[in-house]
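**Student:** Can you keep this structure in mind? I'll have questions shortly.
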Amino acid sequence: MMKKNRFVPPGSFMIETDSPYVAPKSVRGITNNPLNVIEIADKIAEIRGITKEELAQAVRENTRRVFGV
């Protein structure tokens, strides 16, 4: 089992799915869809011990910084 790392700084990550090939467990066996990124975000928030809103804010800030939007 992969070790869960809670210590990646909030400004150092983005969220993605491995579409179309590696689907989350809940939909394993079917083609992955980018909408499944919500499940990925839920799991990251759980591992980090933060709310979904806190995670969303960190991802928004990182997206703006990385892509200049």
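All of the numbers you see were taken from the coordinates with simple rules; none came from a lab. What you see is a predicted model; the values in this text were computed from it and never measured. Note that we place each Cβ from the backbone using ideal geometry, even for glycine, and neighbour counts take in every protein chain shown.
**Student:** Where residues in region 52-69 are of a type outside the set (Gly, Ala, Ser) and in contact (Cβ under 8 Å) with a residue 12 or more places away in the chain, which of them is nearest to Phe7 (Cα to Cα)?
**Tutor:** Of everything passing the filter in region 52-69, Leu55 is nearest to Phe7 (Cα to Cα).
**Student:** Mind checking which pairs have a first residue in region 14-41 that is touching a residue at least 40 places away in the same chain (Cβ under 8 Å) and a second that is small (Gly, Ala, Ser), Cβ under 7 Å, 6 or more apart or different chains?
**Tutor:** Listed pairs, sorted by first residue: Ile15/Ala41.
**Student:** Here is a list: Ile30, Ile38, Ile50. Which entry is surrounded by 12 or more Cβ atoms within 10 Å (Cβ to Cβ), in a loop (DSSP other than H, G, I, E, B) and on the phi < 0 side of the Ramachandran plot?
**Tutor:** Every option except Ile50 fails the conditions.
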